[in-house]
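Coordinate-derived values only; no laboratory data. A quick note: this is a predicted structure, and the numbers were derived from the prediction, not measured. Cβ: placed from backbone, ideal geometry, glycine included. Neighbour counts: every protein chain shown.
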Amino acid sequence: MATTYTTYGRVRGGCGHRHTTRQAAERCRRRDASGCSKAGRGSYSDRKVVVVGSDGYLYADEGCEHWVPGVGGRSCGAATLRD
């Protein structure tokens, strides 16, 4: 299975897209950051590019060893593409 990527932040949540390249996910992240900065009042995006594992969880690394905590923090488990 090919590696796919998405963007996710604990505040902003995910973009909901499954990107086929890291570069496409990075473009999506930059668009979100630009939109937030245009909103003004100190708005910012906390989204980062993450790997979508074959189990549906989000990971900070290509090896899928370090999962990304979901909205409730580490005690609530890993974030998923639909979070």
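Could you please give the count of residues in the stretch 5-18 that are of a type outside the set (Val, Ile, Thr) and either assigned to a strand (DSSP E or B) or within 8 Å of the chain's Cα centre (by Cα) (or both)?
Filtering the stretch 5-18 down to residues of a type outside the set (Val, Ile, Thr) leaves 5, 8-10, 12-18.
Narrowing further to those that are either assigned to a strand (DSSP E or B) or within 8 Å of the chain's Cα centre (by Cα) (or both): 5, 8-9, 13-15.
Looking only at that region, the number is 6.
Select from the stretch 38-81 the residues that are among the aliphatic types (A, V, I, L, M), within 12 Å of THR6 (Cβ to Cβ) and part of a strand (DSSP E or B) and list them in ascending order.
VAL49, VAL50, VAL51, VAL52, LEU58
Say we look at the stretch 9-48 and pick out the residues that are touching a Lys or Arg at 6+ places or on another chain (Cβ under 6 Å) and surrounded by 16 or more Cβ atoms within 10 Å (Cβ to Cβ); which of these is nearest to THR80 (Cα to Cα)?
Residues of the stretch 9-48 that are touching a Lys or Arg at 6+ places or on another chain (Cβ under 6 Å), as a first pass: 9, 12, 29, 32, 45-47.
With the extra rule that they be surrounded by 16 or more Cβ atoms within 10 Å (Cβ to Cβ), the set shrinks to 9, 12, 29, 32, 45, 47.
Working: GLY9: 11, ARG12: 14, ARG29: 17, ASP32: 19, SER45: 18, ARG47: 14 Å.
So, considering only residues that are touching a Lys or Arg at 6+ places or on another chain (Cβ under 6 Å) and surrounded by 16 or more Cβ atoms within 10 Å (Cβ to Cβ), the one nearest to THR80 (Cα to Cα) is GLY9.
Restricting to the stretch 19-54, give me the number of residues that are among the β-branched types (Val, Ile, Thr) and under 12 Å from the mean Cα position of the chain (by Cα). Spell out the reasoning first.
Initial filter on the stretch 19-54 (among the β-branched types (Val, Ile, Thr)): 20-21, 49-52.
With under 12 Å from the mean Cα position of the chain (by Cα) added as a condition, the list becomes 49-52.
Residues flagged as among the β-branched types (Val, Ile, Thr) and under 12 Å from the mean Cα position of the chain (by Cα) within the stretch 19-54 amount to 4.
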